[in-house]
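For reference, the structure discussed in these notes is given below.
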Amino acid sequence: MRRLTFLSCFIQVVLLRGVFAAVVVVLPPLAGAMMLSILVFVVVKHFVEDVFVVLRHFGRQ
């Protein structure tokens, strides 16, 4: 009986460690991808706004 509880505790610890390791491995690339997508979005937004400003400027002339 004692060995069973020890085994279940061991399995829980291993699972927690595995989940933690997976989170540590997965999160940085995920965060990097998020940052990259936000950066690309901001750059594209500014570019589109500049294009609209230029078009409006030429449209007035």
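The values are calculated or read from the model by the stated rules, or taken from the named source; none is laboratory data. Every value quoted in this text rests on a predicted model; they were computed, and no experiment measured them. Reconstructed Cβ throughout: ideal geometry from the backbone, glycine too, with neighbour counts over all protein chains shown.
So here's what we get for this one:
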read-out	value
SER37 vs. criteria within 26 Å of the chain's Cα centre (by Cα) and among the polar types (S, T, N, Q)	yes
Test: residue in the stretch 16-35 that is surrounded by 10 or more Cβ atoms within 10 Å (Cβ to Cβ), of a type in the set (Val, Ile, Thr) and modelled with pLDDT of 95 or more	no
Complete set of residues in the stretch 1-30 that are more than 27 Å from the chain's Cα centre (by Cα) and β-branched (Val, Ile, Thr)	THR5, ILE11
